[in-house]
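Values quoted throughout were computed directly from the atomic coordinates according to the rules given, and no laboratory measurement underlies them. Fair warning: this is a prediction, and the values are worked out from it, not measured in the lab. Note: ideal-geometry Cβ built from the backbone for every residue, glycine included; neighbour counts use all protein chains shown.
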There are 2 protein chains.
Amino acid sequence: MNSITTPSYSVHFNETAYVALNNHLAKSNYSKIFILVDENTHNCCLPIFMSKIEGEYDFEIIEIEEGEINKNIATCTQVWEVLSELDADRKSAMINLGGGVVTDLGGFVASCFKRGIEFINVPTTLLSMVDASVGGKTGVDLGPLKNQVGVINQPQLVLVDTDFLNTLDQRQLNSGFAEMLKHGLISDAAYWETLKGLAGFDNLDEYILRSVAIKNEVVQQDPTEQHLRKILNYGHTLGHAVESYFLESKEHELLLHGEAIAVGMILEGYLSRKLTGLGKSALEDIKATFLGRYKKVEFERKDIDTILTLLKFDKKNSHGNINFVLLKKIGEPAIDIKVTPDLLEEAFAYYAE
Amino acid sequence: MNSITTPSYSVHFNETAYVALNNHLAKSNYSKIFILVDENTHNCCLPIFMSKIEGEYDFEIIEIEEGEINKNIATCTQVWEVLSELDADRKSAMINLGGGVVTDLGGFVASCFKRGIEFINVPTTLLSMVDASVGGKTGVDLGPLKNQVGVINQPQLVLVDTDFLNTLDQRQLNSGFAEMLKHGLISDAAYWETLKGLAGFDNLDEYILRSVAIKNEVVQQDPTEQHLRKILNYGHTLGHAVESYFLESKEHELLLHGEAIAVGMILEGYLSRKLTGLGKSALEDIKATFLGRYKKVEFERKDIDTILTLLKFDKKNSHGNINFVLLKKIGEPAIDIKVTPDLLEEAFAYYAE
């Protein structure tokens with residue numbers, strides 16, 4: 001597999017990833033290297049990762065509790081305290097080995113420790129490989145508000161070792177696959193068709209590369225999300241609200257990120273049909289594809305009310321308006337579309353049909 | 001008074017400051033403007049500040065508890081929660097009206113809220129006017145470790161209204177004056193002589209402008225503190241450790257920042273005499289000047305031991321080395337000077353003589 005170059009760093013794949021890593025470590029002269037893991041990646045990924053390191057470095061392992069519920073300021077503070085206790089200094093570096101929680105939180109922790117130390121991301125889930133590996137977004141949640149606190153800051157390197165996908169169950173793989181389907185919807189109808197036709201997750205390498213390349217093209221053209229980059233939020237405006245609600249709610253089973261944005265992509269498909277000219281058969285294709293792959297979520301009246309309240313906290317909203325990314329057709333997005341509350345209600349009704 | 005232009009924003013003084021502010025607010029179309037204050041600036045400065053605002057804006061006041069002891073992550077989290085509750089969005093802005101605690105913490109809070117909203121700093125103490133108004137350092141303390149968590153990020157504007165100095169007592173003014181004396185020591189022997197000769201703090205405007213200009217020149221040449229900017233840390237390596245120790249210690253009276261770095265500048269003056277050729281009379285001048293203006297601090301054996309332990313946590317240290325900025329002569333600094341532990345002991349003995 002190839003490498004993908006962003007303006008400030010490179011994403012390296014599989015065999016070339018470890019060559020790049022070893023070269024980088026050899027020339028960087030870090031005073032210490034901290035590897036951030038959660039319990040899962042500590043057990044399943046760290047031994048593999050360490051076996052690929054050539055040369056002697058001063059490593060320290062920091063383990064955080066797994067799960068989105070721990071992606072918060074309290075966990076950051078714990079890591080900052082451990083870094084201090086272990087004498088991390090400005091020439092130290094962090095390697096974030098894990099899914100989106102570890103890379104988002106670890107990137108934020110590194111970006112703020114002593115006003116910024118260098119970090120390397122090694123995404124271990126399909127979701128973090130295709131979504132978190134480019135773009136420089138770091139951050140943590142504030143209560144139910146996803147990624148409410150964070151910064152934009154770029155890692156030194158991103159390493160994608162698709163062998164780590166063998167440590168994931170089907171549900172986790174499916175969650176990441178939702179972001180790949182989104183890449184098709186917002187930029188490439190042929191890619192959407194190809195992905196739809198895939199029966200399993202055994203040979204994803206070329207599609208992971210394709211998805212990272214799509215995201216990188218978008219981010220390069222608009223790093224600070226003034227215009228084009230917004231298209232990556234397709235399905236996320238409602239999807240994030242759904243995800244936050246299920247995260248906080250005691251009554252519901254947890255929804256994975258991809259499962260929540262799968263709901264969001266159907267809901268926002270309906271809005272696209274009403275507001276930006278998405279065709280009827282395209283909408284039906286979107287709904288059938290996601291309901292075929294992701295379990296249908298049952299929403300009660302009070303669920304919908306709370307989700308619509310959470311919507312207003314979405315980072316992309318300003319001046320009290322809720323702006324959506326919608327689709328003109330599959331592969332062609334439209335940004336900054338305002339949606340009235342009654343259409344949101346209709347969208348949930350369409351989802352439930 | 002003039003304005004001083006940095007690469008990304010301007011520092012405006014007195015009458016021109018409010019003209020610049022009103023122009024900026026009129027063109028910025030912020031969805032809401034949050035003014036961060038502490039109890040003191042809420043009472044003493046906010047009414048003056050608000051009286052200068054022309055036009056109607058949606059202001060919200062957020063008050064934090066005063067004092068360095070509250071410059072921490074817990075206070076940041078409270079402010080992030082209040083911002084969320086009050087519907088702050090990406091087009092909102094923060095105005096930080098206060099001393100270094102408010103501007104350092106407020107700048108960090110704004111830089112991380114939804115991955116960054118715009119902010120304006122209005123320093124109200126002499127210290128924050130001459131020290132915090134340029135350079136873009138934001139951050140908070142982590143226990144006894146000063147500014148351990150933060151980012152470098154620039155405000156939109158900095159407004160220096162020297163009328164706010166009338167709200168300060170002599171001790172606070174004297175604390176800020178220590179940073180101005182430092183500006184003389186590191187860059188301009190004539191400025192040091194002038195400041196030494198000042199009897200009171202009644203007519204500081206031209207010197208505040210001079211100090212901001214000195215700091216701005218240094219920061220412009222080295223924004224990320226790779227080399228030249230380090231000279232601003234003269235007196236701070238030991239001064240910070242002294243300040244941290246007194247902040248945490250139950251047995252000692254609190255030392256203000258300037259009082260702590262006054263100690264640091266004498267101690268590091270001694271190191272300069274030993275290591276970088278500072279003359280005997282220059283060292284005596286430094287010691288007499290600071291002891292003439294700042295009460296001598298009594299250090300016991302255990303105080304010194306703890307302070308030397310804190311030293312290793314200073315952000316400027318790496319690979320276990322403690323690097324100092326020292327003086328070759330008054331007005332001429334030397335950076336990256338390594339100091340052995342026995343010399344540090346001698347410096348404390350010299351201070352106590």
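Data overview
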read-out: Cβ-placed point charges (K, R +1; D, E -1), dipole of the range A:4-167 about Cα centre in debye, nearest 20; value: 660 debye
read-out: Karplus-derived HN-Hα couplings along the range A:326-343 (A = 6.51, B = -1.76, C = 1.60, θ = phi - 60°), whole Hz, x at Gly and Pro; value: 10, 10, 7, 8, 5, x, 9, x, 9, 10, 6, 9, 7, 10, 7, x, 5, 5
read-out: J(HN,Hα) series, the range B:68-74, from Karplus relation 6.51 cos²θ - 1.76 cosθ + 1.60, nearest Hz, glycine and proline x; value: 4, 4, 9, 7, 9, 5, 4
read-out: Neighbour cut-off at most 10 other Cβ (10 Å), DSSP loop, GluC sites (Glu not before Pro), the range B:186-279; value: B:GLU251, B:GLU253
read-out: Taking chain A and dividing mean pair separation by its residue count, relative contact order in percent (alpha carbons under 8 Å, at least six apart); value: 15 percent
read-out: Magnitude of the charge dipole, the range B:168-287, Cβ model with Lys/Arg +1 and Asp/Glu -1, debye to 20; value: 440 debye
read-out: Residue among A:VAL134, B:PHE49, B:ASN174 farthest towards the positive dipole end of the protein assembly as shown, charges placed on Cβ; value: A:VAL134
read-out: Local electrostatic count at A:GLU298 - Lys and Arg +1, Asp and Glu -1, tallied over other residues with Cβ under 14 Å; value: -2
read-out: GluC sites (Glu not before Pro) within the range A:28-135: DSSP coil, no more than 15 neighbouring Cβ in 10 Å; value: A:GLU54, A:GLU56, A:GLU65
read-out: For the range A:170-352: relative contact order, % (alpha-carbon pairs under 8 angstrom, 6 or more apart); value: 27 percent
read-out: For A:LYS328, distant residues with modelled amide H under 5 Å away; value: A:ALA334
read-out: Dipole in debye (nearest 20) - chain B, about Cα centre, beta carbon charges: Lys, Arg +1; Asp, Glu -1; value: 1180 debye
read-out: Tensor-based shape of the range B:258-353 (alpha-carbon gyration tensor, a/c under 1.5 rounded, otherwise prolate or oblate); value: oblate
read-out: Mean separation of Cα contacts under 8 Å (6+ apart) over length of the range B:26-122, as relative contact order %; value: 35 percent
read-out: Interchain or long-range residues, amide H under 5 Å from A:THR124's placed H; value: A:GLY98, A:GLY99
read-out: Other-chain or far-sequence residues with amide H under 5 Å of B:ASP58's (modelled H); value: B:ILE33
read-out: Global form of the range A:14-105, assessed from the alpha-carbon gyration tensor, a/c cut-off 1.5; value: oblate
read-out: Selected from A:TYR270, A:LEU36, A:PHE59, residue furthest toward positive end of dipole (chain A; charges at beta carbon); value: A:TYR270
read-out: Neighbourhood charge, 11 Å Cβ-Cβ cut-off, centred on A:GLY143 and excluding it, Lys, Arg +1 and Asp, Glu -1; value: -3
read-out: Residue-count net charge about A:ALA352 - beta-carbon cut-off 10 Å; Lys, Arg +1, Asp, Glu -1; value: -1
read-out: Karplus 3J(HN,Hα) series, Hz, for the range A:15-25 with 6.51 cos²θ - 1.76 cosθ + 1.60 (x for Gly, Pro); value: 4, 6, 4, 6, 4, 4, 4, 5, 4, 5, 5
read-out: Anisotropy class of the protein assembly as shown from Cα gyration tensor, a/c 1.5 cut; value: prolate
read-out: Sparse-neighbourhood loop sites, trypsin sites (Lys or Arg not before Pro) in the range A:234-338 - DSSP loop, at most 16 other Cβ within 10 angstrom; value: A:LYS250, A:LYS295, A:LYS296, A:LYS312
